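Before any comments, here is the structure.
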Amino acid sequence: MISLVSQLTLNLFSAERFAFADFIESENKEAVVTLENWLEKNEPLSFYMWGNQGTGKTHLLQAAVRQINQSGCRAIYLPLQEVTEDIQRATEGLEAMDLVALDDIDSFYGTEAENALFNLYNRTKEKGGKILLASRVKPGGAKSLLPDLASRLNAGFVYKLQELDEEQKALFLIDMAEYRGLKLERSVVDFIMRTFKRDMNSLCVILNLLDSASLQYGRAITVPFAKEILNSLEQES
């Protein structure tokens, strides 16, 4: 019925739409408050977040980048899993930024690319900037080849993020839909969470798909409409 899947990307919300105010803190309140305070200070050099997929790491990284840029300083977000060129070249000159936000750094643990991260850390320190990092594992995990890098990262702030519970995820979807001008009934949310993966990334992909489909077909998001659209997704995949 529909070919929306090919039109969508997994970058669900642009960096301009990520904000600390939209983040459901739950058990992560201390981490979020510390991060916001850290953005206004000169030290420590690094802030490291780790946790399972869907715990909000990317949201917080991009919210931090947005806040720094809005303050008149310079920040950049770099998802390392998407870096296809030489990592040394990709990180060259980033120390000129006031904040460098690096996502998925565990994708380089255990590889020679760690040297590029280590060098960037040292260059950033010399320039007086800061580094915000996100990973699925704690500093030095995943068979890191550079103990010195892990030691430096552990010298900064390190927080493990906890996943939202089922009720908090449901409320998040409803709030995010409202933010985008959609009315998402609880019955639709319950259907989604009964039928599909319940990690936050998957839930946000589904919301993005339903939003696009609702706009294209001019229909409200009901349980029958959600079934129709999401069944077509499974067929295309």
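The table that follows gives values for the structure above.
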item: Residues with amide H under 5 Å from that of LYS160, placed H, sequence gap 5 or more; result: TRP50
item: Evaluated over the range 164-236, the Cα radius of gyration and Dmax, each in Å; result: 11.2, 33
item: CD proxy at 222 nm, helix term only [per DSSP H run n ≥ 4: -39500 (n - 2.57); per residue of the chain; nearest 500]; result: -14000 deg cm²/dmol
item: Count of lysine pairs in the range 25-160 with Cα separation under 16 Å (8 or more residues apart, or interchain); result: 8
item: Solvent-free Debye scattering, log10 I(q)/I(0), computed from the Cα coordinates of the chain at q = 0.09, 0.14, 0.16 Å⁻¹; result: -0.43, -0.93, -1.12
item: Rotationally averaged projected area of the range 16-121 (alpha carbon convex hull; nm²); result: 7.1
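Coordinate-derived values only; no laboratory data. Since we're looking at a predicted model, the values are computed, not measured.
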